[in-house]
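The values are calculated or read from the model by the stated rules, or taken from the named source; none is laboratory data. Here the structure is a predicted model, which means the values were calculated and not measured. Positions of Cβ are backbone-derived with ideal geometry, glycine not excepted, and every protein chain shown enters the neighbour counts. Only protein heavy atoms, including side chains, enter the accessible area calculation; ligands, DNA and RNA are left aside. Shrake-Rupley method; radii C 1.70, N 1.55, O 1.52, S 1.80 Å.
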Amino acid sequence: MQDKIQLKDFFRILKRRWLTMLLVIVITSMSITTICFYLLKPTYQASTQVLVNQATSKNVDEIANITQLNTQLISSYIDFIKSPMIINGVKDELNLTISNKKLSEQITIDHNENSQFVTITVRNENSKTVSEIANKVALLSKDQAMKLMKGSNIQVLTEPSQSLKVFPKPLPVAAITILVSLLVGIAGAMLREYLDSTVRNEQDIQELIGLPIIGHIELEPRKMKRNQKQGSDQEKARRENLEF
């Protein structure tokens, strides 16, 4: 096969190796589907929302700086959510056996710069546990923060949302499977063509020897066999005549 393949040669190879390509596509699709839906553990997600602001104050200076105080309070609260005090408290109350690091990695905090709302999102492999963790993180962090942070007013606005399966999702997996299978199938067809050194036609011969083809002789398979048989019969008759 030439080092540089033209577009028409590319489609010619795919047409000739369509069975190989189809087989590779089917095997790849089945493999990806099996891995995603049967071997990998699913991931579930639950979220809850918390309102964080300063408690009502009659102090004139505090009222003047309320925006700055709220910003500081929200930043402190976000850091506090993943503190060892909250992580260990959640583990103890829910009897979780995972490490502090892994539990902390499962918790995500979202907050817009000009908003007082903080969204706590938890991802876990158990659909029931993920909602319990989100709820416990919100309640425990609220209670402990109001004890430790002077003037804080923290409210849990929503119960943890119903756990949603975020991985694997059928549509993205199907799209990835189709794309990867097609690419692997084409690669398999091209690889087989590259490794196949069989000479099938004049073009293959010309590419192999690097010389133009001047002409060729066509013989039908049956006619070739018949000519070979006739030659053998004539040679046998000559030998018998010589013996006599």
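Within segment 99-108, track down each residue that is under 11 Å from Asn124 (Cβ atoms) and surrounded by 14 or more Cβ atoms within 10 Å (Cβ to Cβ).
First, the residues of segment 99-108 that are under 11 Å from Asn124 (Cβ atoms): 102-103, 105-107.
Listed by number, the residues that qualify are Leu103, Gln106, Ile107.
Just give me the residues in segment 141-181 being open to solvent by 70 Å² or more (accessible area, probe 1.4 Å) and closer than 21 Å to Ile74 by Cβ, in sequence order. Correct list: Asp143, Met146, Lys147, Leu148, Lys150, Gln155, Leu157.
Candidates in segment 114-135 are the residues that are open to solvent by 50 Å² or more (accessible area, probe 1.4 Å) and under 32 Å from the mean Cα position of the chain (by Cα); of these, the one that is farthest from Tyr38 (Cα to Cα) is Glu132. In segment 170-199, the residue that is nearest to the chain's Cα centre (by Cα) out of those that are hydroxyl-bearing (Ser, Thr, Tyr) and at pLDDT 90 or above is Thr177. If you go through segment 36-52 one residue at a time, how many are surrounded by fewer than 17 Cβ atoms within 10 Å (Cβ to Cβ) and modelled with pLDDT under 90? Of the residues in segment 36-52, 5 are surrounded by fewer than 17 Cβ atoms within 10 Å (Cβ to Cβ) and modelled with pLDDT under 90.
Among the criteria (1) within 25 Å of Thr67 (Cβ to Cβ); (2) in contact (Cβ under 8 Å) with a residue 40 or more places away in the chain; (3) part of a helix (DSSP H, G or I); (4) not β-branched (Val, Ile, Thr), the one Asn153 does not fulfil is (3).
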